[in-house]
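Taken together, the values in this text are just the output of simple stated rules run on the coordinates, not laboratory data. Fair warning: this is a prediction, and the values are worked out from it, not measured in the lab. Every residue, glycine among them, receives a Cβ derived from its backbone with ideal geometry; neighbour counts consider all protein chains shown.
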Amino acid sequence: VETTDEQKAAKRKQMEGLLQISEETLNRAQVVAHMGSWFLDCVSNKLTWSEETYRIFGQDQGCPLDLATFLEFVHADDRSRVAEAWRAALAGAPYDIVHRVAGFANRWVRERAEIRFRSDGQPLSAVGTVQDISERWEAEEALKQSHWLLQTIIETLPIRVFWKDRECRYLGCNTLFARDAGEASPEDLVGKDDFQLGWRDQADLYRAADMAVMASGTARPPYEEPQTTPEGRTIRLRTAKVPLRDWQGEIFGLLGIYEDVTREWHMREELRISQERLRMALQGDIDGL
């Protein structure tokens, strides 16, 4: 059965309608994901953007686009880095870069692309995506700043700070603690337990205290305990420990602090011995009467 012109026109109209719906769906999906798409003809240097890409770069739709025009929309401080990344991509390197957008106080995007090459290695075309990651970037930067501030505070404190997981393995510590353990940096302790450190003679004692804090779910107030130094000396510590909980309230480890009170302990011992000698002397005088 031959298809009439009217049937052909109706089918073409139907296909055009479906294509329009498909394009609208794609555009809407890109808006929701804050991700636009683009296509570059590497031969003519003509660049084509989706609606969302125009929005991300803050440009009016329909403006002429090519590679040079695109670079003008990149923040001036990032422009040379983006250009270098593109040159490297044309030589075969992956194109995956984060940069700022010109004209905005703090708009960050992530761009990725796949380039198609001819058999002789010349680039033919590139298809890519650009995603507005400003909110995530700011959140990550805020998290980094918060982590830096916390680490600075921990490093500035004149006491030793450490934290462990449920298996009593070290998750982190400050530099003072690492040096007490005979290590160069806190990273050297991560994943180790007390049985692997210079104070292994006290490892059972420490583990019992750690497990008791995590089992009870309550803090242990300051108490004194011994510690063997990397040089083999025994010093006295004043230690306190608290359980660490995750966002659901589950205990996942503990945090501990301690200070070296060896000098104070020796002074107390000397005072105790002196008092004992005085008591014995007085007792001897009384007995001699």
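Below, the figures for the structure above:
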{"read-out": "Computed over segment 195-289: relative contact order in percent, which uses C-alpha pairs under 8 Å that are six or more apart", "value": "20"}
{"read-out": "Long-range amide H partners of Asn174 with built H, under 5 Å", "value": "Val161"}
{"read-out": "Helix axis angle, 5-33 relative to the chain longest principal axis, alpha carbon, degrees", "value": "20"}
{"read-out": "Contour excess over end-to-end distance, with Cα ends at Thr262 and Ala203 and 0.36 nm allotted per residue", "value": "19.3 nm"}
{"read-out": "Using θ = phi - 60° and Karplus 6.51 cos²θ - 1.76 cosθ + 1.60, couplings along segment 246-262 (whole Hz; Gly, Pro as x)", "value": "8, 5, 8, x, 7, 6, 10, x, 8, 10, x, 9, 7, 10, 7, 10, 4"}
{"read-out": "Amide H within-cut-off set for Tyr95, under 5 Å, with H built and near neighbours excluded", "value": "Ala113"}
{"read-out": "Angstrom value of the Kirkwood radius, inverse mean 1/r, which spans all Cα pairs in the chain", "value": "26.0"}
{"read-out": "Rounded to 10°, Cα long-axis angle of helix 203-216 versus longest principal axis of the chain", "value": "70"}
{"read-out": "Residue-count net charge about Glu231 - beta-carbon cut-off 13 Å; Lys, Arg +1, Asp, Glu -1", "value": "+1"}
{"read-out": "All lysines inside 30 Å of Lys13 as judged from Cα atoms, apart from same-chain residues fewer than 8 positions distant", "value": "Lys46"}
{"read-out": "Cut-off 15 Å between beta-carbons: net charge of the residues surrounding Leu124, Lys and Arg +1, Asp and Glu -1", "value": "0"}
{"read-out": "Under the Karplus curve 6.51 cos²θ - 1.76 cosθ + 1.60, θ = phi - 60°, whole-Hz ³J(HN,Hα) for segment 59-65, x wherever Gly or Pro sits", "value": "10, 6, 5, x, 5, x, 10"}
{"read-out": "Normalised contact order of the chain, rounded percent, pairs of Cα under 8 Å and 6 or more residues apart", "value": "10"}
{"read-out": "Spin-label pair Trp148/Asp77, simplified geometry with 7 Å Cα→Cβ offset, distance in nm", "value": "1.2"}
{"read-out": "Sum of side-chain charges, Ala102 neighbourhood, beta-carbon under 10 Å (Lys, Arg +1; Asp, Glu -1)", "value": "0"}
{"read-out": "In Hz, Karplus ³J(HN,Hα) per residue of segment 88-93 (6.51, -1.76, 1.60; θ = phi - 60°; x = Gly, Pro)", "value": "5, 5, 5, 8, x, 7"}
